[in-house]
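Here the structure is laid out as structure tokens; the discussion comes afterwards.
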Amino acid sequence: MNLHLALLIVYSVALVAIGLSIARLIKGSADFFVAGRSLTAPLLFATVLASNIGAGATIGATGRAYFDGISAWWWNGASALGSVFLAFFIGPRIWRAAKANNLLTTGDFLELRYGGLVRALVTMLIWLGTLSIFAGQLIAGAAVLDVVAGVPRWEGTVISAVVVTTTFMAGGLLGTAWVNVVQLTVLLAGFVVAVPTVLAHAGGLAGIARAPDVPATFVDPLYSGGPLSGWSLLVFAPAFVISPGLMQKAYGADSERTVRLGIGLQAAALAIFAFVPALLGMAARATHPGLTNPNIVLPTLLVEQLPPWFGALALAAVFSAEVSACDAILFMLATSLSQDLYKRFLHPDADDRDVLLIARLASLAGGAGGVVLALLLETVQQALAIFYSLLGVSLLMPVVGGLYLRRAGAREALASLAAGNVTLLVVRFVVPASYAWIDPTVAGLIASAAAFFAVYSLRRGPVDVRHGPVGSVVPDHDRI
């Protein structure tokens, strides 16, 4: 057994042990879902940042930088910009609504604002999209194990799923928050070691620019090769504004100030971190020309260019990023199935213990589903693109409209869901290749917003804010 693999095994066992040790503090579903609304600003900062620095932010962004150069900054830069809106415009309002109405999930808010039908539809869409991003994290974990020890992809996928599922099932949001502190420490330490060492090996930025295989656009921060490249990655920003996993972490804060401070500082840290995978990918292009699989760019770089102990630490950092993002994803899967579907529609009289059990079983089911999908998809970017597109198109207008537009009701939300998702699917699968410049996510977001405001503008007179249209239940807006 080599050093890299040994350290990964020890590290994985330690994460599972932390999750299991915190499980004894979980007394009910409120502890599992929102950590008893006790997260301080440092804990919120750590858990949100760790969730945002996942497989896409490390392996995916490095693979993108290998081909595009410094413009891969936008992969994480878009996340940082979305986090700013979450910290100051969405998070505090959603926290007030959650606190006043004892909301545990995004589905709880959607039903409070629009009714049960919107909640059910969005929950099902979230499940489909969330499985894809979970698959992306597992693909990344499998890539690390493949480069380190030649572990076959299916075995690496299963191993990654077992580690993250066990960790989350035990401790819920409270366990996740404390595990994320450990993960974030390892992650940052690993990259602090890796970046200067790898850049020095490549001859610095000047050496990278002189490399024969490097294109002229490599140092252009505004370069884009089309959809999902460079600044066009901004289409992913809405997903980081209204992601159920991130909003639910805001639910767990102990105050509005904590939401602003914890998530706001996280946005600044994420914008700085965005340079890390961009620089690593550029260095890999100069020192390892000819790589074709973007999934293995970062693991290959860390194994071959760093001394064994430093390389092992850096690989643990990458694996840590994958595990920490999986926490948030399993969180969405568990809460949406147990609270939004099981308790709301299947068993309204379920007691707290039953809901907690279903949440943990949902985590297990999500882990199994993610393994299957990870074996069907090829790259991290492919998997994440499905999630970000579906999430932004489905949730942006219902959440923002529900928080800021007093008269918005179920008709607007349903119109937005239908128009956005149909447009997304048509552009992605039906529009001819000659129109490939049309980004499906952008088209879906525009259609979603247009449909929402079209229905909203047709309303005549004020809406009863206690009993909204189409059976929705709408609270007094001052409480939101």
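From the list ALA50, ALA65, ALA35, pick out the single residue that is surrounded by 23 or more Cβ atoms within 10 Å (Cβ to Cβ), part of a helix (DSSP H, G or I), more than 18 Å from the chain's Cα centre (by Cα) and at pLDDT below 85.
Answer to the check: ALA35.
Working carefully through the options VAL241, VAL192, find the one that is within 27 Å of the chain's Cα centre (by Cα), exposed (fewer than 15 other Cβ atoms within 10 Å of the Cβ) and assigned to a helix (DSSP H, G or I).
VAL192
Restricting to region 78-105, count the residues that are of a type in the set (A, V, I, L, M, F, W, C), under 16 Å from the mean Cα position of the chain (by Cα) and closer than 21 Å to LEU330 by Cβ.
Qualifying residue count for the region: 1.
Residue by residue through region 419-450, note down the ones that are among the hydroxyl-bearing types (Ser, Thr, Tyr) and farther than 19 Å from GLY225 by Cβ.
THR423, SER448
Could you figure out which of (1) touching a His at 6+ places or on another chain (Cβ under 6 Å); (2) without any contact (Cβ under 8 Å) to a residue 60 or more places away in the chain isn't true of VAL148?
Condition not satisfied by VAL148: (2).
When you check LEU291 against the structure, is it aliphatic (A, V, I, L, M), under 13 Å from ILE70 (Cβ atoms) and in contact (Cβ under 8 Å) with a residue 60 or more places away in the chain, yes or no?
no
Considering LEU279, LEU261, which residue is within 19 Å of GLY63 (Cβ to Cβ), assigned to a helix (DSSP H, G or I) and in contact (Cβ under 8 Å) with a residue 40 or more places away in the chain?
Going through LEU279, LEU261 in turn, just one is within 19 Å of GLY63 (Cβ to Cβ), assigned to a helix (DSSP H, G or I) and in contact (Cβ under 8 Å) with a residue 40 or more places away in the chain: LEU279.
Among the basic types (Lys, Arg), surrounded by fewer than 24 Cβ atoms within 10 Å (Cβ to Cβ), modelled with pLDDT under 85 and assigned to a helix (DSSP H, G or I): does that describe ARG24?
It is true that ARG24 is among the basic types (Lys, Arg), surrounded by fewer than 24 Cβ atoms within 10 Å (Cβ to Cβ), modelled with pLDDT under 85 and assigned to a helix (DSSP H, G or I).
Based on what the data block shows, is SER320 modelled with pLDDT of 90 or more, within 25 Å of THR40 (Cα to Cα) and among the hydroxyl-bearing types (Ser, Thr, Tyr)?
When the stated conditions are applied, SER320 does not pass them.
Quick check on this structure: which one of GLY116, GLY175 is of a type outside the set (A, V, I, L, M, F, W, C) and modelled with pLDDT under 80?
Every option except GLY175 fails the conditions.
Kindly evaluate LEU315 against the criterion of being under 21 Å from ALA65 (Cα atoms) and either part of a helix (DSSP H, G or I) or modelled with pLDDT under 85 (or both).
yes
Is there any pair linking a residue in region 88-116 that is at positive phi to one that is surrounded by 21 or more Cβ atoms within 10 Å (Cβ to Cβ) and not acidic (Asp, Glu), with Cβ under 6 Å and at least six apart or on different chains, and which?
Note: pairs meeting the criteria are GLY115/ALA410; GLY115/SER472.
State which residue is surrounded by the fewest Cβ atoms within 10 Å (Cβ to Cβ) when the search covers only region 105-130 and only residues that are over 26 Å from ALA385 (Cα atoms) and among the small types (Gly, Ala, Ser).
This residue is GLY116.
Would region 230-242 turn up any residue that is on the phi > 0 side of the Ramachandran plot, out of contact with any strand residue (DSSP E or B) (no Cβ under 7 Å at 6 or more places or on another chain) and modelled with pLDDT under 95?
There is at least one residue in region 230-242 that is on the phi > 0 side of the Ramachandran plot, out of contact with any strand residue (DSSP E or B) (no Cβ under 7 Å at 6 or more places or on another chain) and modelled with pLDDT under 95.
Could you check region 287-304 and list, in sequence order, the residues that are of a type in the set (A, V, I, L, M) and either surrounded by 22 or more Cβ atoms within 10 Å (Cβ to Cβ) or not in a helix (DSSP H, G or I) (or both)?
LEU291, VAL297, LEU298, LEU301, LEU302
The values are calculated or read from the model by the stated rules, or taken from the named source; none is laboratory data. Note that the structure is predicted; figures quoted are calculated from it, not measured. When we count neighbours, we look across all protein chains shown, and the Cβ atoms used for this are built from the backbone with ideal geometry, even at glycine.
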